[in-house]
Each structure stands twice: as C-alpha cells, then as structure tokens.
Amino acid sequence: MAKKGTIKRFGVSLDENLLNELDGLVANHKFPNRSQAIRYLVQKNMVEEKWSDDEMVAGAIVLVYDHHKRELQKKSTHVQHDFHHLILSVQHVHLDHDHCLETIAVKGKARELQLLADNLIGLKGITHGRLVMTVSH
C-alpha cells in the first residue's frame, strides 16, 4: 500500500457518454483536469459510505415550499420539534410572495438525519427538498 500523499497513476476506460458527463463535471466545478474531478467523486463517495455507519455527520436540509399550503408550517414545526435534538438552527427566507426557502442546519447520526429529512421533504406542499451531509469531525 502506498504511503499517504503518494500519487499513483492508472488508466480509466469510460464510454463516450460517461466521458462527456465527466467533462461536464470538470467544466461545471471548474476543476483543472479530469483527475481532480475523479478525486472529488471518490472522496465524496467515501464520505457517503460512512453514512451507513452510526458515525456522526453534519449537514443541512434545504426546503422550498408554497407558504399558502394549509397547515404546512404547522406540520413542519411539529416534525422539527420531534427531532429537536438534531437541529442546530433554522433559517427562513421569503423568495417571493408565494414561496419560502428554509435551511435547517443539522448534526447527528446519518440515519436519523435522513429520517428527519424524509419526514420534512414528504410533507404536502414542499416543492423541493434536499439533505446534504458531510462527516462531522
């Protein structure tokens, strides 16, 4: 096994469509080259692999919703109170007359954060929801 910090080169074969997707990732993230994009993807995957354990993670739940939906705010608050031990802070932003964006900073076991996110994203009236997690050190 190579010591940490040693760079090893290897070849990768990809079909043309997947290679085009990789080149798009390089362009979108402004990576200097394909190698950096592959490193990013591997590291991202390794972090996500740890989520299956009971390792502590931190992250954010991002929700976009129509605030005119009846009972949505009440239901969301109820869910958040059920998971209060995972929630660090909540930011509420008015996007326009009808839509709000809520960012919920969270920390806890990955499976608990996923459960919280699923409960919130599944509420009727949520137009977009996403959980972003990273290893908490």
Query raised in the report: Quick one: how many residues across the stretch 28-41 are exposed (fewer than 10 other Cβ atoms within 10 Å of the Cβ) and of a type outside the set (D, E, K, R)?
Result: 3
Report task. Select from the stretch 66-96 the residues that are out of contact with any Leu (no Cβ under 8 Å at 6 or more places or on another chain), hydroxyl-bearing (Ser, Thr, Tyr) and either touching a residue at least 24 places away in the same chain (Cβ under 8 Å) or not in a helix (DSSP H, G or I) (or both) and list them in ascending order. Result -> SER89
Report task. Go through the stretch 97-131 residue by residue and tally those that are free of Cβ contacts under 8 Å to residues at least 12 places away in the same chain and charged (D, E, K, R). Result -> 1
Query raised in the report: Can you tell me how many residues in the stretch 81-119 are within 17 Å of ALA58 (Cβ to Cβ) and not hydroxyl-bearing (Ser, Thr, Tyr)?
Result: 22
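Quick note: the coordinates plus some simple rules give every number you see, no bench work behind them. As the structure is a computational prediction, the values presented were derived from the model and not from experiment. Neighbour counts run over all protein chains shown; Cβ positions are idealised from the backbone, glycine included.
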